[in-house]
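See below for the structure under consideration.
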Amino acid sequence: MKKLLLAASAAALLAGSWLAPAQAEYLKEHRGGTIRLLARSAAGTLDPHINYTDQGWQMYQPIYDGLVAFRKAEGVEGFSIVPDLAEALPTVSNDGKTFTFKLRKGIKFSNGQDLGVKDVVASFQRIFKVSGPTSGTFYAGIVGADKCLANTKSCTLEGGVVADEAAGTITLNLTKPDAEILYKLALPHAVILPADTPTEDMGSKPIPSTGPYMISAFDPNKGMTVSRNPNFKQWSEEAQPDGYPDVVQYDFGLSEEAAVTAIQNGEADWMFDALPSDRLGELGSKSMDQLHISPLSAWWYAPLNTRMAPFDNEKARRAVAYAVDRNTLVKLFGGKVLALPVCQVLPPDFPGHEDYCPFSKNPGAKWSAPDVDKAKQLVEESGTKGQKVTIIVEDTAISRSIGVYLQSVLTSIGYVADVKPISSNLQFTYIQNTNNKVQMSVTQWYKDYPAASDFLNILFSCASFREGSDASINISGFCDK
């Protein structure tokens, strides 16, 4: 999932049991009113079964619910799974392949409909019917998923998701044990929607929700209004606490520079996009009380299309890896407080990470310096020198600056490169679709849950590559069999 202050935003919106009594009492005094958030652009579709951006997922937390949820808490406590729409964590049987949930009673959607087991079954089917970006990875282990992936329109998940109306239970059957299944069920792609929700991308049309908030207005060019769900009654403070503000106004369109100024002037409360590096010194000296850093295991990277020239040639790909000065990229992002140079997918200190950096002036455990001479040699050997390369970036300050730097790197080793900025509202889905013939791009990956598989399986598995789809998370097209 794709930003820096995700945890800070959740804490600002939700009242949680993790707060110290004195702090909780203090925050109660601030219940009500409007909190104003800013972002450069919207986050794409409102459909939670399709949207795969951190901006979208961040806002879904107080809006939608799954059978289970991540505990609404800071730090490592936020990794734990708690029951949400289910009364309790599931009963596990059949050697870890069967999970039985008891649905809570009395929950209504924001449109007044009662939540029932039929909504759960339909929601799991819908994940496949809309060709959700993780249907072939996170949920492929459900019995019947293979048939759904082969023919999405006729998906039933027969034998995989079984409802007992009288008992109020849902049984999930897997083809084999999956130690990460509860994490996957806690993600927005598995939220429960009304059974009559159309099985197509809902785009700018809000879908009824079960959480304390609902989307009451949305204009992708202007902003989004999130207001209280009149049918919400808190059932679990750990999973879905009642919120503090009555209204969340999310405005789109301001540049990062303008957003910083608006917050300094008291015209807004929080910004989604990364801070412009040229404002960090000023903010550090004048606005420290307004700055909050919430570390995330994240990875900024430049996918190279392995199915298009010049990067269908391995030597061309290796040339780029040798030529990039990772320390320069860290500076563009704001320095070592905000970023670290890496040579592999898994972030440092993450389970499974090992220090290993072969594409460096002095290959070893850590990156040392670029090897431009080696890069030029590889370009010559690949026979791709002089070819044109377009780099697709988000229309944000940091993404554009990284793109311009990469353009200079490609030019220095023999390519004819240019940069094409695209609205953040569109860029992430644009670079996934093979029909757009993207050679190289700049994007980010933020962990969905704390496991190495969330990076490796999602970004490089064959199941994540779908030709002609906006939901092809394997952007490079590298199919690791």
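The values are calculated or read from the model by the stated rules, or taken from the named source; none is laboratory data. From a predicted model like this one, the values you see are computed outputs, not experimental measurements. Please note: Cβ atoms are built from the backbone with ideal geometry, for glycine as well, and neighbour counts cover all protein chains shown.
Residues in the range 139-184 that are out of contact with any Cys (no Cβ under 9 Å at 6 or more places or on another chain) and of a type in the set (Lys, Arg): Lys153, Lys176, Lys184.
Yes or no, residue by residue, for (1) modelled with pLDDT of 95 or more; (2) part of a loop (DSSP other than H, G, I, E, B); (3) within 30 Å of Ser227 (Cα to Cα):
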{"position": "Ala88", "(1), (2), (3)": "yes, yes, yes"}
{"position": "Val92", "(1), (2), (3)": "yes, no, no"}
{"position": "Val120", "(1), (2), (3)": "yes, no, yes"}
{"position": "Thr156", "(1), (2), (3)": "yes, yes, no"}
{"position": "Val162", "(1), (2), (3)": "yes, no, no"}
{"position": "Leu182", "(1), (2), (3)": "yes, no, yes"}
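Total residues in the range 403-421 satisfying the condition of being among the β-branched types (Val, Ile, Thr) and either modelled with pLDDT under 95 or in contact with a Gly (Cβ under 8 Å, 6 or more places away or on another chain) (or both): the figure is 2. The residues listed here are Ala22, Ala69; of these, the one that is among the aliphatic types (A, V, I, L, M) and either part of a loop (DSSP other than H, G, I, E, B) or modelled with pLDDT under 95 (or both) is Ala22. If you go through the range 295-308 one residue at a time, do you hit one that is within 28 Å of the chain's Cα centre (by Cα), surrounded by fewer than 15 Cβ atoms within 10 Å (Cβ to Cβ) and closer than 26 Å to Glu257 by Cα? Yes, the range 295-308 has at least one match. Screening the range 39-50 for residues that are out of contact with any Phe, Trp or Tyr (no Cβ under 7 Å at 6 or more places or on another chain) and at pLDDT 95 or above and picking the one that is farthest from Ser423 (Cα to Cα) gives His49.
Residue count for the range 309-345 satisfying the condition of being crowded, with 18+ Cβ neighbours inside 10 Å, over 27 Å from Gly281 (Cβ atoms) and out of contact with any Ser or Thr (no Cβ under 6 Å at 6 or more places or on another chain): 8.
Report whether or not Val389 is touching a Leu at 6+ places or on another chain (Cβ under 9 Å), under 25 Å from Ala323 (Cβ atoms) and surrounded by fewer than 18 Cβ atoms within 10 Å (Cβ to Cβ).
The answer is no for Val389.
Working carefully through the options Gly266, Gly281, find the one that is among the small types (Gly, Ala, Ser) and in a helix (DSSP H, G or I). None of the other options fit; the residue is Gly281.
Tell me, yes or no, whether the range 101-112 has at least one residue that is under 21 Å from Gly159 (Cα atoms) and among the β-branched types (Val, Ile, Thr). No, the range 101-112 contains no residue that is under 21 Å from Gly159 (Cα atoms) and among the β-branched types (Val, Ile, Thr). For the range 411-456, residues that are in a helix (DSSP H, G or I) and in contact with a helix residue (DSSP H, G or I) (Cβ under 9 Å, 6 or more places away or on another chain) total 6.
Scanning the range 431-453 for residues that are surrounded by fewer than 17 Cβ atoms within 10 Å (Cβ to Cβ) and of a type outside the set (S, T, N, Q) turns up Lys437, Pro450, Ala452.
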